[in-house]
């Protein structure tokens, strides 16, 4: 019989991996709670009608679809089966699909439960998502997202607090990060300024390439993309922008003084940056006009977080959107959110070896099993320890000491307890510190104190 | 546009529901850890070949199957499409399915990772499973299981500790339960005794019906099922069994003295019962020969736990098995496990109103927003509180007091903080206790102490 396996792009998580992952999830969860976010969960399966068309044509193909149960061929004609249009046939064979992200299910949730929700609604959600992407290093078909969003509030305080959350989470992890912020309205203002309102991405890309290919080449590329020489000239203050965040904002404010959208963007960004400066974050916040992710979705601030000490790309991102729920017939609901990339954070913590030493520790003490009478005594002592919150195991089988010690080493237990004939008579327990090798005789009370 | 919905039999969990569910999961998780169980997770999707044939013919139909991505019709002939055998066609269209329980994925995990695992392996797993059952009250198509198993150890200490876990978990919940224990070997011994080794279930059912339909009717039913009058007569000591656990075990021991299997079953049960009695559990443990669940699977002790104060059926169950991994080509691995039914426990806790009062509490204090300058001050004070582990929210929008207070009530926050002109000047914060209505002026340090 072949060794069983799991679908490609999916993973088993071993006890050690789970401990590390729980450390990540618990840290994020705890910080979300400190800021008053409430957890929700949505089902793994959504109606396909909820998911289809929300992620572009490519996204539709990457949805995992769940075959209808029972007679899934019922009502499907021979022609439909034969015409080869698998997309259309899939929609007939499958009514449900696995969620692709947490944003669309959240939008669906908000609309479905609108009458029960108090706005502003601050929710977080930590659940797996599934994508039929081609698996490759660091890209999985099942992975967790850790999202927090506030909907029903336009206030920029939300942006400020989300960046505080980012700063707090990565400070707790010990990961040094750079927080990049942009505002779509500034990109829109610049595109208006040069008379090409659709060319936001080209502008962001041009600024991004400045250091790599130089001003002349950037200008040439912009010209190729159809922007007029006069337009390109108007961007010169941006290409030459200098100074700290505040000085850069001054330059932008001057340049965009006559564009309502652009001006608004500068004001928003200034409020967020100024507020964050007054709060003394541990990590630096930098204006980054090259940030152009999700421009078809984000309408205000856009965030991206990168680790400083590991090359791995974005490990957290987010932004402000004005129309989360419009796709489900509830227009005009503004919100802002962030999403931590748990799998990449896991890789960064591993590479930098930043897990607290007790992350993978489960059992504090293992009782060696010398025989039935001794084990009965171990059971009582272990029960007492557990009542004091100390995690304890008894080696269940009466077997060679060597085998029991090799188990102790494998689970990495810091102490072993020995109860033999002598200990039963004296009422003491022999405790061995597995790190120092030191051995001591302790009364039950001393044992509790030692292991607490 | 229609209000969006979710597939039938699935659920959204609101913040309040999540708080309660997390309380359940965290309690179980914590107790599992105290006993040295390590968490693992397996993917939602397994290869269909891993799942098919493991749950009987009915189970195969209840598996949710995931349509192959890409051209799922490739290689499927017109005949296969047309022949109407949906089961066979489904297997061609789908390579993957959603896990149906946690046991088969665990068995697959153990075999796949056998070289990395140290035996005995104590694992717990808390994850959703999916079944295409007809949804009805209390039965869902997506629900969580909370399993713990020890494999690679024959020791009955494992049975003892699992029952301690059950006792501890329900004690922490405040749910009074009855723990029922049986042993398959005793049922097998009784069936041997009467000369009908296959009639274990009939015997268990007969004992179960004794109180309801009386001895004569039970005898009649046993006769109808083909058991001889002599056989039925031999069961009389069991029908007349009396006394406490120990006395009942004596009766069984006498009756089964000449049957190796039955004798072994009595000894096993006696060890477990005696050990548990010496450990002074909070809940009672009762021998229950009518327990006949999973007889095609369990080989030793069988457990079932029922709430005493709510009629809801079994809320936890488990048992000893000798061949978990045989289906994947690794025979002879013995283990024992339990599974908490989180959804039923949720219902019991709700009905008895047993949640600790702070279960659904997320935010400790809400800062009322009086304006931009005041909010900037709130931001600093809230940040300070959060650094001390106190969860704090600032109402993000500058809006009417009434609206802010209605938000405070909706999220059930116990305190609100007010920072206006006066407070900015004095450096104090006005804090209002939402329960008593009491209002006080506190320095930042006093505020921390009050809310900690």
- Item | Of the criteria (1) in contact with a strand residue (DSSP E or B) (Cβ under 6 Å, 6 or more places away or on another chain); (2) more than 14 Å from chain B (Cβ to nearest Cβ), which one residue A:351 fails | (1)
- Query: residue B:381: touching a residue at least 12 places away in the same chain (Cβ under 8 Å), closer than 30 Å to residue B:143 by Cα and touching a helix residue (DSSP H, G or I) at 6+ places or on another chain (Cβ under 7 Å), yes or no?
  - Reply: no
- Could you list, in sequence order, the residues of the range A:66-113 that are over 19 Å from residue B:8 (Cα atoms), modelled with pLDDT of 85 or more, at the interface with chain B (Cβ under 7 Å from one of its Cβ atoms) and touching a helix residue (DSSP H, G or I) at 6+ places or on another chain (Cβ under 8 Å)? A:73
- Item | Residue satisfying all of: in the range A:12-48; out of contact with any helix residue (DSSP H, G or I) (no Cβ under 7 Å at 6 or more places or on another chain), farther than 19 Å from residue B:128 by Cβ and at the interface with chain B (Cβ under 8 Å from one of its Cβ atoms); surrounded by the most Cβ atoms within 10 Å (Cβ to Cβ) among these | A:37
- Message: Looking at (1) under 30 Å from residue B:139 (Cα atoms); (2) surrounded by fewer than 19 Cβ atoms within 10 Å (Cβ to Cβ), which one does residue B:362 not meet, given that it meets all the others?
- Response: (2)
- Query: Which strands (runs of 3 or more DSSP E) sit wholly inside the range B:261-357 and have at least 3 residues that are touching a helix residue (DSSP H, G or I) at 6+ places or on another chain (Cβ under 9 Å), surrounded by 18 or more Cβ atoms within 10 Å (Cβ to Cβ) and in contact (Cβ under 8 Å) with a residue 40 or more places away in the chain?
  - Reply: B:301-307, B:314-321, B:335-340
- Query: Just to be sure, is residue B:366 facing chain A (nearest Cβ under 10 Å), closer than 29 Å to residue B:24 by Cα, assigned to a strand (DSSP E or B) and under 38 Å from the mean Cα position of the chain (by Cα)?
  - Reply: yes
- Options B:394, B:416, B:411, B:398: the member that is farther than 30 Å from residue B:127 by Cα, crowded, with 17+ Cβ neighbours inside 10 Å and facing chain A (nearest Cβ under 8 Å): B:394
- Note on the structure: Given (1) more than 17 Å from the chain's Cα centre (by Cα); (2) touching a residue at least 60 places away in the same chain (Cβ under 8 Å), residue B:82 misses just (2)
- Go over the candidates A:314, A:339 one by one and state the one that is within 14 Å of the chain's Cα centre (by Cα), modelled with pLDDT of 90 or more and more than 16 Å from residue A:106 (Cβ to Cβ). A:314
- Message: Restricting to the range B:214-260, give me the number of residues that are part of a helix (DSSP H, G or I) and at pLDDT 95 or above.
- Response: 12
- Of all residues in the range B:136-181 being closer than 24 Å to residue B:205 by Cβ and out of contact with any helix residue (DSSP H, G or I) (no Cβ under 8 Å at 6 or more places or on another chain), which is surrounded by the fewest Cβ atoms within 10 Å (Cβ to Cβ)? B:139
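Keeping to the range B:402-422, report how many residues are within 26 Å of residue A:33 (Cβ to Cβ) and outside any loop (DSSP other than H, G, I, E, B).
Of the residues in that region, 13 qualify.
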- Quick one: how many residues across the range A:182-222 are free of Cβ contacts under 8 Å to residues at least 24 places away in the same chain and surrounded by fewer than 22 Cβ atoms within 10 Å (Cβ to Cβ)? 13
- Note on the structure: Every listed condition ((1) buried (at least 16 other Cβ atoms within 10 Å of the Cβ); (2) at the interface with chain A (Cβ under 7 Å from one of its Cβ atoms); (3) over 30 Å from residue B:356 (Cβ atoms)) holds for residue B:6 save (3)
- Query: Taking the range B:51-80, which residues are more than 19 Å from residue A:95 (Cα to Cα) and either in contact with a strand residue (DSSP E or B) (Cβ under 9 Å, 6 or more places away or on another chain) or surrounded by 16 or more Cβ atoms within 10 Å (Cβ to Cβ) (or both)?
  - Reply: B:51, B:52, B:54, B:55, B:59, B:60
- Within the range A:376-391, considering residues that are facing chain B (nearest Cβ under 8 Å) and in a loop (DSSP other than H, G, I, E, B), the one surrounded by the most Cβ atoms within 10 Å (Cβ to Cβ): A:391
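Answer with yes or no whether residue A:426 is under 26 Å from residue A:445 (Cβ atoms) and more than 9 Å from chain B (Cβ to nearest Cβ).
Spelling it out, residue A:426 is indeed under 26 Å from residue A:445 (Cβ atoms) and more than 9 Å from chain B (Cβ to nearest Cβ).
The values are calculated or read from the model by the stated rules, or taken from the named source; none is laboratory data. Just so it is clear, the model here is predicted, and its values are computed rather than measured. Note that each Cβ is placed from the backbone with ideal geometry, even for glycine, and that neighbours are counted across all protein chains shown.
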